[in-house]
Amino acid sequence: MPPMFRWPYQPKLLVAATPLEFRCVSGVSADVPTRPNEVDEPGWHLQAITTDVADGHVVFSGLGAANAAAATAWAIGAEAMTPGCVVNLGIAGALPGSDLRAGDVVIAGESVFYEEGIITPEGFADLESLGFGLVPGSPDWCRGNRLAADPEFFEWMLGALEPLAPRSGVVATVSRCSGTDEAAAQVQSVTGAVAEAMEGAAVLLTARRLGIPAVEVRVISNNCGNRDEQHWDMDRACEVIGEVMKTMQGCL
């Protein structure tokens, strides 16, 4: 691996939403602990990832934007040293028109909250069109519903994962996944996204508000649309998540 792709952001924090994603990201094959760090209360689990040259953690957040934001903030606060970067890594569904297939890697230049806004007689209006922003002061990385990945980290990640032929594009963060063709088409139309997942924009919002470079990386596991006609390949998606981790570790 060329020296230019040595990992510049230490230590790292990865956010994984489901038990399966957590196992793929962390490399831990056992069941996800139900109690974090031996504390006898419900909460989040933080797993150390240590190599010869770099340290990091993966937090098992649970499903959805609220869990992802809270777990990211908790994990950042739980660290003795503030993470140098945050990566939301997991699976996603390919939206219509993307030509993405199971196992494809997508690095999000923008992560977009799909639902935030208002339904009007003329259709959906997002926060920007309503004159609101998610972050006070409207920084250039937050436009209405859209959270931009840290540009330098995004470009670095594209280069680092080049062996896996990653695609760049917008990823939509949804609360309701698309189980009909109409729903999938609407998500794509409103956001311009190539894929949908349930946590990325929340992770970016939290990390970037705390001044930490962040990016969402997704591996396609299925196509969105009519639930009875969706094609899933979780084995391939999990295999590629492992390849993403190995490739990133090779850049450490």
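Miscellaneous remarks
- Meets criteria (assigned to a loop (DSSP other than H, G, I, E, B) and either under 16 Å from Pro213 (Cα atoms) or at pLDDT 80 or above (or both)) for Met81: yes
Conditions (1) out of contact with any helix residue (DSSP H, G or I) (no Cβ under 7 Å at 6 or more places or on another chain); (2) more than 12 Å from Gly90 (Cα to Cα); (3) modelled with pLDDT of 70 or more, marked per residue:
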{"position": "Pro33", "(1), (2), (3)": "yes, yes, no"}
{"position": "Glu41", "(1), (2), (3)": "yes, yes, no"}
{"position": "Thr51", "(1), (2), (3)": "no, yes, no"}
{"position": "Phe60", "(1), (2), (3)": "no, no, yes"}
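- Residue within the range 93-115 that is under 19 Å from Leu205 (Cβ atoms) and assigned to a loop (DSSP other than H, G, I, E, B) present: yes
- Subset of the range 168-199 [surrounded by fewer than 24 Cβ atoms within 10 Å (Cβ to Cβ) and of a type in the set (D, E, K, R)]: Arg176, Asp181, Glu182
- Selection count where residues are surrounded by fewer than 15 Cβ atoms within 10 Å (Cβ to Cβ) and farther than 16 Å from Val25 by Cβ, scope the range 200-234: 7
- Subset of the range 131-174 (residues that are within 17 Å of Val215 (Cβ to Cβ), in a loop (DSSP other than H, G, I, E, B), of a type in the set (A, V, I, L, M, F, W, C) and under 14 Å from the mean Cα position of the chain (by Cα)): Ala149
- Only one of Ala195, Ala214 that is over 22 Å from Gly179 (Cβ atoms) and not polar (S, T, N, Q): Ala214
- Residue within the range 119-139 that is at pLDDT 95 or above, crowded, with 17+ Cβ neighbours inside 10 Å and hydrophobic (A, V, I, L, M, F, W, C) present: no
- Flag for Glu199 being at pLDDT below 95, among the charged types (D, E, K, R), in contact with a Leu (Cβ under 9 Å, 6 or more places away or on another chain) and under 30 Å from Gln10 (Cα atoms): no
- Residue check for Glu128: without any contact (Cβ under 8 Å) to a residue 60 or more places away in the chain and assigned to a loop (DSSP other than H, G, I, E, B): yes
- Against the conditions (1) within 22 Å of Pro83 (Cβ to Cβ); (2) at pLDDT below 95, Gly179 satisfies every one except (1).
The values are calculated or read from the model by the stated rules, or taken from the named source; none is laboratory data. Note that the structure is predicted; figures quoted are calculated from it, not measured. Positions of Cβ are generated from backbone atoms using ideal geometry, with glycine treated the same way; all protein chains shown enter the neighbour counts.
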